[in-house]
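Chemist: Handing you this structure, nothing more for now.
The values are calculated or read from the model by the stated rules, or taken from the named source; none is laboratory data. This one's a predicted model, so the numbers in the text were calculated from it and none came from an experiment. Every residue, glycine as well, gets a Cβ built from its backbone with ideal geometry; the counts of neighbours run over all protein chains shown. Surface areas here come from the heavy atoms of the whole protein model, side chains and all, with no ligands, DNA or RNA. Shrake-Rupley method; radii C 1.70, N 1.55, O 1.52, S 1.80 Å.
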Amino acid sequence: MLKRGSFILTLAASFMVLAANVFAASPIRIGALFAVTGPASFLGEPERNTAQMMVNKINASGGIKGRKVELIVYDTQGDATKAVQAANRLIKDDKVVAIIGPSTTGDTMAVIPIVEKAQIPLISCAAGSKITEPAKKWVFKTAQNDGLAVAKIYENLNRLRMSKVAILTVSDGFGSSGREQLKAQAAQHGIQIVSDDTYGPKDTDMTAQLTKIRGSGAQAVICWGTNPGPAVIARNARQLGLAIPVYMSHGVSSKKFIELAGEAAEGIMLPSGRVIVADLLPAADKQKKSLMAYVKDYQKQFRAEGDHFGGHAWDAVMLLKGALERGGDRPAAIRDQLEKTRNFAGIGGIFTYSAADHAGLGKDAFVLVTIHNKDFALVK
């Protein structure tokens, strides 16, 4: 028979062993493909930071069912070839059970055939509608569809009784997807596109396109792209004295655009997720609690504002967490549980996935904002 003191020591030792073995089981490996460097780093850097922040938070709370989550991040640099190489490495070498990202539509479209063949769930952080239209079995997304963004802009133009617009889109995956939606939805909103032009991702002056727009009779111009191009367009439009409203896409929904465009950003309107105006939302807003917590956590850890793009990674990690908790870590079970997600209040909106809808968001995922005094404000 053990003496009382020996029993206490043995019990204490047992608890120590249990504590030491909380993460003794093999970790749950999640891959991530973000454009941390390169032209799209304004997307990928906050996404990487946010994903790691949330994984650290999960692990600090005991992991998922007692198992540590290991995030393996590769930098695609916004290059589709590098994205493909990294996706293969995550699947074949790192043995991940799911992948978050990529940051851009082009990178995402390049890796879709790989994850579909390998049957590994992918939650893209890019906005192109074609990522999930039509629905692909293993591919989901958290960024709001560009089709929803187009509708938000056109509805505002309808309220302002403007029907003639010029569109200026970047010649990459995001720009071409936006251009398709702008053209496809024009008629149903009573919009006439009087000028349709493009610019290259590396172009540094769009004066020629804007001069053409100035003579087109357009009542407003819609620019579709990601930084730095839209900031160049804003500055060129100001230099030309273009006296019509300028709309940007959600591709510039961060303070980085204001920084790049400077004074020329004033008055520009764009559709955005709620995170950049979280403090202006009513207390009853279903997302406000998550939004304010994210903004506070990001500010504390990185001394910068949590933004629309980092929010895509927050949603992806938390959606995966829910799927893993409900169904375990087999890729097929993760996929099935993601598809069963209902009314998840994230950063990008309220997500409800289904077999036919792997984007999961409706028009209410966007608010229209304007830039005023170097900050974002809600358009009433």
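Chemist: Taking Gln181, is it assigned to a helix (DSSP H, G or I), farther than 22 Å from Asp315 by Cβ, touching a residue at least 12 places away in the same chain (Cβ under 8 Å) and open to solvent by 10 Å² or more (accessible area, probe 1.4 Å)?
Modeler: no
Chemist: Out of the strands (runs of 3 or more DSSP E) lying entirely within region 47-127, which hold 3 or more residues that are more than 30 Å from Gly178 (Cβ to Cβ)?
Modeler: Fully inside region 47-127 and qualifying: 69-75.
Chemist: Turning to a different aspect of this structure: So which of Gly310, Gly360, Gly328 is at pLDDT 95 or above and in contact with an Asp or Glu (Cβ under 7 Å, 6 or more places away or on another chain)?
Modeler: Going through Gly310, Gly360, Gly328 in turn, the sole match is Gly310.
Chemist: Now a separate question. What's the total number of residues in region 321-377 that are aromatic (Phe, Trp, Tyr) and open to solvent by 20 Å² or more (accessible area, probe 1.4 Å)?
Modeler: 1
Chemist: So Pro201 passes all but one of these: (1) at pLDDT below 95; (2) within 19 Å of the chain's Cα centre (by Cα). Which condition number does it fail?
Modeler: (2)
Chemist: Just wondering, is there one or more residues in region 308-323 that are part of a loop (DSSP other than H, G, I, E, B) and touching a residue at least 40 places away in the same chain (Cβ under 8 Å)? Talk me through it step by step, then tell me what you get.
Modeler: Going through region 308-323, the residues part of a loop (DSSP other than H, G, I, E, B) turn out to be none.
Checking region 308-323: not a single residue is part of a loop (DSSP other than H, G, I, E, B) and touching a residue at least 40 places away in the same chain (Cβ under 8 Å).
Chemist: Within the set of pairs 6 or more residues apart or between chains, which connect a residue that is closer than 15 Å to Ala313 by Cβ and among the small types (Gly, Ala, Ser) inside region 120-134 to a residue that is in a helix (DSSP H, G or I) and open to solvent by less than 10 Å² (accessible area, probe 1.4 Å) with Cβ atoms less than 6 Å apart?
Modeler: From region 120-134, the pairs are Ser124/Thr108; Ser124/Ile131; Ala126/Thr105; Ala126/Thr108; Ala127/Asp146.
Chemist: Just checking, which of Val111, Val115 is free of Cβ contacts under 8 Å to residues at least 40 places away in the same chain and open to solvent by less than 10 Å² (accessible area, probe 1.4 Å)?
Modeler: Val115
Chemist: Does Ala355 meet the test of being touching a helix residue (DSSP H, G or I) at 6+ places or on another chain (Cβ under 7 Å), more than 25 Å from Val275 (Cβ to Cβ) and not in a helix (DSSP H, G or I)?
Modeler: Details: touching a helix residue (DSSP H, G or I) at 6+ places or on another chain (Cβ under 7 Å): yes; more than 25 Å from Val275 (Cβ to Cβ): yes; not in a helix (DSSP H, G or I): yes.
In short, yes.
Chemist: Taking region 60-100 as the search range and keeping residues that are open to solvent by less than 40 Å² (accessible area, probe 1.4 Å) and more than 22 Å from the chain's Cα centre (by Cα), which one is nearest to Pro201 (Cα to Cα)?
Modeler: Filtering first and then ranking leaves Ile91.
Chemist: In region 256-287, how many are surrounded by fewer than 19 Cβ atoms within 10 Å (Cβ to Cβ), under 27 Å from Asn56 (Cα atoms), charged (D, E, K, R) and in contact with a strand residue (DSSP E or B) (Cβ under 9 Å, 6 or more places away or on another chain)?
Modeler: Counting residues in region 256-287 that are surrounded by fewer than 19 Cβ atoms within 10 Å (Cβ to Cβ), under 27 Å from Asn56 (Cα atoms), charged (D, E, K, R) and in contact with a strand residue (DSSP E or B) (Cβ under 9 Å, 6 or more places away or on another chain) gives 1.
Chemist: Do you know which residues across region 138-162 are assigned to a loop (DSSP other than H, G, I, E, B) and out of contact with any helix residue (DSSP H, G or I) (no Cβ under 7 Å at 6 or more places or on another chain)? Lay out the reasoning, then the answer.
Modeler: First, the residues of region 138-162 that are assigned to a loop (DSSP other than H, G, I, E, B): 138, 142-145, 160-162.
Leu160, Arg161, Met162, listed by residue number.
Chemist: Go through region 129-178 and report how many residues are among the small types (Gly, Ala, Ser), within 17 Å of the chain's Cα centre (by Cα) and surrounded by fewer than 24 Cβ atoms within 10 Å (Cβ to Cβ).
Modeler: Number of matching residues: 3.
Chemist: Please go through region 28-46 and give me each residue that is outside any strand (DSSP E or B) and either touching a helix residue (DSSP H, G or I) at 6+ places or on another chain (Cβ under 9 Å) or open to solvent by 50 Å² or more (accessible area, probe 1.4 Å) (or both), ordered by number.
Modeler: Ala35, Val36, Thr37, Gly38, Pro39, Ala40, Phe42, Leu43, Gly44, Glu45, Pro46 - these are the residues of region 28-46 that are outside any strand (DSSP E or B) and either touching a helix residue (DSSP H, G or I) at 6+ places or on another chain (Cβ under 9 Å) or open to solvent by 50 Å² or more (accessible area, probe 1.4 Å) (or both).
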